[in-house]
Amino acid sequence: MNPHTAPTALTTRRTAPRYALVLALALALLGLTLAQSGTARAAGHPGTAAATRIMPLGDSITGSPGCWRALLWRDLMDAGHTDIDFVGTQAPQGCGFPHDGEHEGHGGFLATGIAEQNLLPGWLAATTPDVVLMHLGTNDVWSARTTPAVLDAYTTLIGQMRDANPHMRILVAQIIPMDPANCAACGERVTDLNAAIPGWAAGLTTTNSPITVVDQWTGFSTAADTTDGVHPNDAGTRKIADRWYPAVVDTLTGAV
């Protein structure tokens, strides 16, 4: 047959079903891809470069199970802030409903210990956050670390965050109050630390990498909002999420 001869009607009829099959398979694969993308967005993993990556950083109040994170994530989603991705090397824990639960909450860890052991750079490299929510210092207070020592550790951690991302947006909590049975001085130590945090933050905040102080202390009751004078109960968990929420929204919308 002449290679330049037009295909016959018979050839066209034989080939057409093959093209139809290929087209059907391509459309099916496209539909599957879109469905998977939709599922990822619904789970809080948009999978796009535009998603803001948020690292919750702390101790057991953040990580065990740290259900304020789940409440905060759901509140943000319900308000339309869907282009977010909570990140961390720690796996989610159960909080009663599906949520984006990766985090960097390490039970028993001290801010001073994290700084001294140089742990944060590895966590940052593994998760590349844009925003850090830091509630750290409870175990430092419990271990009688001084306020200057804790602030020095905070400063080290802030420097490491900015080394990883010069435009890191950092939210630092004035930590919730403490009244454990074995630490009569903890309440006053928390008060001292929290009183020093705003001045410390003002000295380190920059236009490229702002530090926002979030007051988690005012209105939080160790009697009503914790199980043991330290760890939040359901009411305390709700309060913590509610205090983070406006600061996170301001960060996401560019208000800070």
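The values are calculated or read from the model by the stated rules, or taken from the named source; none is laboratory data. Just so it is clear, the model here is predicted, and its values are computed rather than measured. No Cβ is skipped: glycine too gets one built from the backbone with ideal geometry, and neighbour counts run over all protein chains shown. Just so you know, the surface numbers come from the protein's heavy atoms only, side chains and all, with ligands and any DNA or RNA stripped out. Shrake-Rupley method; radii C 1.70, N 1.55, O 1.52, S 1.80 Å.
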> Check Leu110: other-chain or 5+ apart residues with amide H under 5 Å from its amide H, H built from backbone geometry?
Replying inline: none
>> Counting heavy atoms of the protein chains only and a 1.4 Å probe, report the per residue accessible area for region 56-118 as a whole number of Å².
In response: 36 Å²
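First select every other residue whose beta carbon is under 14 angstrom from the beta carbon of Thr218; then total the charges, Lys and Arg +1, Asp and Glu -1. Please report the intermediate quantities before stating the final value.
On the way: positive: Lys239, Arg243; negative: Asp215, Asp225, Asp242.
Spelling it out: positives minus negatives among the neighbours equals -1.
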> Which value in nm describes the separation of the simple spin-label points at Gln93 and Ala223, placed 7 Å from the Cα toward the beta carbon?
Replying inline: 2.7 nm
> Leu136's amide H: which non-local residues (gap 5+, or another chain) put their own amide H closer than 5 Å, with H modeled 1.01 Å from N in plane and none for Pro or chain starts?
Replying inline: Ala173
>> I'd like the carbon and sulfur percentage of the solvent accessible area for region 181-256, probe radius 1.4 Å, heavy atoms only, ligands and nucleic acids excluded.
In response: 55 percent
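With a sphere of radius 11 Å drawn around the Cβ of Val190, what net charge do the other residues whose Cβ falls strictly inside it have (Lys, Arg +1; Asp, Glu -1)?
On the way: positive: Arg189; negative: Asp140, Asp179, Glu188, Asp192.
Net local charge, Val190 excluded: -3.
Let me know the charge dipole size of region 54-174 about its Cα centre in debye, to the nearest 20, where only the beta-carbon of Lys, Arg (+1) and Asp, Glu (-1) is charged.
Working: 5 positive and 13 negative charges, 39 e Å.
For this selection, approximately 180 debye.
Within the set of other residues whose C-beta is less than 15 Å from the C-beta of Gly203, count the net charge using Lys and Arg as +1 and Asp and Glu as -1. Kindly include the intermediate steps, with their values, before the conclusion.
Numbers: positive: Arg162; negative: Asp152.
Every neighbour counted, the sum reads 0.
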> Mind listing the phi-derived Karplus ³J(HN,Hα) values for region 154-164, rounded to whole Hz, using 6.51, -1.76 and 1.60 with θ = phi - 60°, and x for any glycine or proline?
Replying inline: 4, 4, 4, 5, 4, x, 5, 4, 6, 5, 6
> Once the dipole of region 152-230 is set up with Lys and Arg at +1 and Asp and Glu at -1 on Cβ about the Cα centre, which of Asn182, Pro166, Tyr154 lies farthest towards its positive end?
Replying inline: Pro166
> What is the gain in length, in nm to one decimal, between Cys183 and Thr82 on full extension, counting 0.36 nm per residue of separation less the C-alpha to C-alpha distance?
Replying inline: 32.2 nm
>> Given contacts defined as C-alpha pairs under 8 Å and at least six residues apart, what's the relative contact order of region 102-256, whole-number percent?
In response: 21 percent
>> Counting heavy atoms of the protein chains only and a 1.4 Å probe, report the per residue accessible area for region 153-222 as a whole number of Å².
In response: 42 Å²
> In whole Å, how far is the Cα centre of region 208-232 from that of region 99-149?
Replying inline: 16 Å
